[in-house]
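Read through the structure below, which is laid out as C-alpha cells, and then see the notes.
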Amino acid sequence: MSAPQQPGYNAPAQGKSRMVAGLLNLFLGGFGIGDFYLGYTQYAIYKIVISLVLVVPAVVLDLGFISTIFSLLYYAWAVVLLVVAVMTFMGKWIYEKDANGVPTV
C-alpha cells in the first residue's frame, strides 16, 4: 500500500496572468509594476529610472528648449511602454514566462 500524497504534489506550476501583467504594464508601465508582478525586478528598476530621468527635466524644471527635447523623448518612451504592454498581452519576448521560468497564462 502506497503512502497518500498531498493534493497538487505533482501538479504543474500555475503561471501568472498575462492579462494582469499586460494591464499593469499598460496603465503603470512607467513605474515597472507589471515587471515587478512577473518578477523581473531589474527591468522594473530600469523603467523607473528612465521615466524619472525623462519626466523631471520635462515637467518639473522649466528649461525652455531642453524641456521640449525631454518632452519629446518622454513621448517616445510612452510609445515604447505601449509596445511593451502589447507584447505582454501577446506573451512575446520575456513575457512568455515569469522570472522563475513558469509560462504565463
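The values are calculated or read from the model by the stated rules, or taken from the named source; none is laboratory data. Everything numeric in this text was worked out from a predicted model, so none of it was measured. Positions of Cβ are generated from backbone atoms using ideal geometry, with glycine treated the same way; all protein chains shown enter the neighbour counts. The accessibility values were calculated without ligands, DNA or RNA, using every heavy atom of the protein model including side chains. Shrake-Rupley method; radii C 1.70, N 1.55, O 1.52, S 1.80 Å.
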message: Give all pairs with beta carbons closer than 8 Å in which a residue from segment 18-29 that is under 15 Å from residue 104 (Cβ atoms) meets a residue that is of a type in the set (D, E, K, R) and crowded, with 16+ Cβ neighbours inside 10 Å; count only pairs at least 6 apart in sequence or on separate chains.
response: 25/35
- prompt: Do we find a residue being at pLDDT below 90 and of a type in the set (Phe, Trp, Tyr) anywhere in segment 64-71?
  reply: yes
message: Taking the criterion of being of a type in the set (D, E, K, R), in contact with an Asp or Glu (Cβ under 9 Å, 6 or more places away or on another chain), at pLDDT below 95 and over 13 Å from residue 85 (Cα atoms), would at least one residue in segment 16-26 satisfy it?
response: yes
query: Applying the selection to segment 68-105, what residues are under 12 Å from the mean Cα position of the chain (by Cα) and of a type in the set (Val, Ile, Thr)?
result: 80, 83, 84, 86, 88, 94
query: Could you count how many residues in segment 87-105 are open to solvent by 70 Å² or more (accessible area, probe 1.4 Å) and aliphatic (A, V, I, L, M)?
result: 2
task: Among residues belonging to segment 44-62 that are within 16 Å of the chain's Cα centre (by Cα) and surrounded by 17 or more Cβ atoms within 10 Å (Cβ to Cβ), point out the one that is farthest from residue 79 (Cα to Cα).
output: 44
